[in-house]
Amino acid sequence: MLVKGFPMLNVNEIRNDFPILQRIVKGKPLVYLDSAATTQKPLAVIDATDRFYRTYNANVHRGIYHISEEATQAYENARDKVTAFINAPGREGIVFTRNTTESINLVASSWGRSNLHPGDEILLSIMEHHSNLIPWQLISHQTGAKLRFIPLTPDGRLDLSGLPKLLTSRTKLVALTHVSNVLGTINPVTELARRAHQVGAVILIDGAQSAPHLRVDVQAIDCDFLAFSGHKMLGPTGIGVLYGKINLLDSMPPYMGGGEMINEVQLETATYRELPGKFEAGTPNVAGAIGLGAAIDYLNDLGLDEIHRHEESLVSYAVQALRDMEDVEIYGPFPERGGVVAFNLKGIHPHDVSTILDEDAIAIRAGHHCTQPLMRWLDVAATARASFYLYNTKDDIDRLVESLKKVKEIFSGVTA
Ligand SMILES: Cc1ncc(COP(=O)(O)O)c(C=O)c1O
C-alpha cells in the first residue's frame, strides 16, 4: 500500500485497493471526484463487513454465546479505534450514530432542550451545511434561543473581526464546521474553542469534512462535541460518530428510548445505561462500526498527514489548471484549504457541466451542496464541485480539465 518513509502516497497501489476505481463507465475509466459527498471503499472495509456477515453475524451485548461475544468484541473494538483516531480521553465519550447529521441532532435535541432558554444565543456561521443549521433552527423554535451567524471575508474565511459582539455571555453554544464542504476553508477551531469557553459557551465541531482528511485531536482542539460520518472516510454508510466530553454527555438526557440503552425498566420509569450506551438505543449498525474500524486502520496505515499533503498538492494542481482556463470562477480561499474545489463556468449551469462530464465518466457534484445560505452569499444558485481523496491523481484532474474544455466548446456553439 504505502511505501513507508516516502513523503507522498503511492496512489497507483492505493487505487488497486478500490475495486470501483477499476470500473469502465460509458466506455471510459471512471474518474471519481465526489468524495466530499461520499468516499469509495477499499477491499479492507468491504472484506471486514463481509467477514462479519459470513462468519459472526449476531446481535451485540445480549447473546451469551460465542458469535455474539465475537460481534460485541468487534463492535466495541471499533469504538476503541475511533477513540484513538481522534485522541479522545476515553471510549465512554464515543457514541455511534448513523452519520454527522444524527450526531448534531442528538446534541441539539438532548443538550439543547435541557440547556437553552429564551434570550440565549447559538452562534453558527454562514458557511454551515444544512446538517449544522436546521437542527439549531428547530431547537431555537422550541426553546426561544436565537441564532446568530459569523459572516465571511470576501475570500470565504470566517470574518472574526466582529466576534466580540457575536460571542458574548448570551452565547450558550457555538456550532461550526471544521472544513467547509464548498469553500474548502479550514476554520481555526482551536482558537474558536478557546474563545467560546472564555464566555462560558460549549462548542460543537462539524468534522464531516475534516476527520477524513486532517489529523483531528479533540483534546488539542478542546471541543466539547465533534460529529463525523463513516461513509466520508472510507467506511460504510449508516455509521457515524458523536464525540462528547464525558461530563456533558453524562448530564444530558437520552435522545432516543428503547432497548439496549436501559438498565432497569418499570412500567412508569427506567434507569439508563452508563455512557455511551445511554445514547445507543436499539440494535446498532454492527457491520457499519466494524467497517469503520477497518477504514480507520487503513487511514492510519497511510497517515493523515500524508493524506492531507496529497490533497493539498491535488488542490493546487486543480486550481492552477482551472485558473489557466478562461471564464472560470473558483470559490474559497487559496492555498490553505481542504480537498474541495467549487467553481462555475461563466454562463453555464453547473448541472449542464456535470451532465456533460458524466458522458466522459467523470463524477463531480453540482448543486447547492446543502448550503443554500452560502450559495446566496456567493450570489449563485449552484456551483460545480470537484472533491479529492487519497485515491485521486493528477491524471484525474487532467481528464476533468479536458472535459471542461469540451463543455465550453459545446456551449460556445450553442451561444454562437
Ligand atoms: C460539512 C458537512 N457537514 C455535515 C454533512 C452531513 O453528513 P451526513 O449526510 O453524512 O450526515 C456533510 C455532508 O456532506 C458535510 O459536508
Search result, residues across region 136-155 that are surrounded by 16 or more Cβ atoms within 10 Å (Cβ to Cβ), away from the ligand (no atom under 16 Å from the Cβ) and not in a strand (DSSP E or B): Ile139, Ser140, Thr143, Ala145
For region 251-268, how many residues meet the condition of being acidic (Asp, Glu), at pLDDT 95 or above and part of a loop (DSSP other than H, G, I, E, B)? 1
Show me the helices (runs of 4 or more DSSP H) found entirely inside region 301-396 where at least 2 residues are out of contact with any strand residue (DSSP E or B) (no Cβ under 8 Å at 6 or more places or on another chain) and within 21 Å of Pro29 (Cβ to Cβ). 304-324, 350-359
Given the conditions (1) within 16 Å of the ligand (Cβ to nearest atom); (2) part of a loop (DSSP other than H, G, I, E, B); (3) on the phi < 0 side of the Ramachandran plot, every one holds for Gly184 apart from (3)
Among (1) surrounded by fewer than 24 Cβ atoms within 10 Å (Cβ to Cβ); (2) within 16 Å of the ligand (Cβ to nearest atom), where does Asn132 come up short? (1)
Could you grab me the full set of residues in region 349-366 that are crowded, with 16+ Cβ neighbours inside 10 Å and over 17 Å from Gly338 (Cα atoms)? Pro350, Asp352, Val353, Ser354, Ile356, Leu357, Asp360, Ala361, Ile362, Ala363, Ala366
Check Ile205, Ile262, Ile246, Ile221 and return the single one that is within 30 Å of Asp305 (Cα to Cα) and either within 13 Å of the ligand (Cβ to nearest atom) or touching a Phe, Trp or Tyr at 6+ places or on another chain (Cβ under 8 Å) (or both). Ile205
When you look at Tyr32, is it surrounded by 14 or more Cβ atoms within 10 Å (Cβ to Cβ) and either modelled with pLDDT under 95 or not acidic (Asp, Glu) (or both), yes or no? yes
Select, from Ser109, Ser103, the only residue that is assigned to a helix (DSSP H, G or I) and more than 20 Å from Asn285 (Cα to Cα). Ser109
Take Tyr331 and tell me if it is crowded, with 18+ Cβ neighbours inside 10 Å, within 16 Å of the ligand (Cβ to nearest atom) and more than 19 Å from the chain's Cα centre (by Cα). yes
Are any of the residues in region 107-115 on the phi < 0 side of the Ramachandran plot, of a type in the set (A, V, I, L, M) and within 16 Å of the ligand (Cβ to nearest atom)? yes
Qualifying positions in region 14-44 - touching a residue at least 40 places away in the same chain (Cβ under 8 Å), outside any loop (DSSP other than H, G, I, E, B) and away from the ligand (no atom under 16 Å from the Cβ): Ile14, Arg15, Leu21, Ile24, Val25, Lys28, Pro29, Val31, Ala44
When Thr185 is run through (1) closer than 18 Å to Ile150 by Cβ; (2) out of contact with any Pro (no Cβ under 7 Å at 6 or more places or on another chain); (3) not hydrophobic (A, V, I, L, M, F, W, C), the failure sits at (2)
When both residues are 6+ apart or on different chains and their Cβ atoms are under 9 Å apart, which pairs have a first residue that lies in region 173-201 and is among the acidic types (Asp, Glu), and a second that is away from the ligand (no atom under 16 Å from the Cβ)? Glu191/Leu160
Which is under 25 Å from Ala295 (Cβ atoms) and crowded, with 16+ Cβ neighbours inside 10 Å, of Thr371, Thr393? Thr393
Which number in (1) within 16 Å of the ligand (Cβ to nearest atom); (2) free of Cβ contacts under 8 Å to residues at least 60 places away in the same chain; (3) under 24 Å from Pro236 (Cβ atoms); (4) not hydrophobic (A, V, I, L, M, F, W, C) marks the one condition that Thr100 misses? (2)
Checking the structure you have, find out if any residue of region 51-66 is touching a residue at least 40 places away in the same chain (Cβ under 8 Å), assigned to a helix (DSSP H, G or I), under 25 Å from Tyr243 (Cβ atoms) and away from the ligand (no atom under 16 Å from the Cβ). yes
Among (1) among the aliphatic types (A, V, I, L, M); (2) farther than 17 Å from Pro135 by Cβ; (3) surrounded by fewer than 22 Cβ atoms within 10 Å (Cβ to Cβ), Leu192 falls short only on (3)
Could you tell me which of the residues Leu158, Leu176 is within 12 Å of the ligand (Cβ to nearest atom) and under 29 Å from Phe343 (Cα atoms)? Leu176
Counting only residues that are closer than 18 Å to Leu106 by Cβ and charged (D, E, K, R), which one in region 252-297 is surrounded by the fewest Cβ atoms within 10 Å (Cβ to Cβ)? Glu274
Can you say whether Arg170 is surrounded by fewer than 24 Cβ atoms within 10 Å (Cβ to Cβ) and either of a type in the set (A, V, I, L, M) or within 23 Å of the chain's Cα centre (by Cα) (or both), as far as the supplied structure shows? no
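The values are calculated or read from the model by the stated rules, or taken from the named source; none is laboratory data. Bear in mind that the values here come from a model prediction, so they are computed numbers and not experimental data. For neighbour counting, all protein chains shown are included, and Cβ atoms are generated from backbone atoms with ideal geometry for every residue, glycine included.
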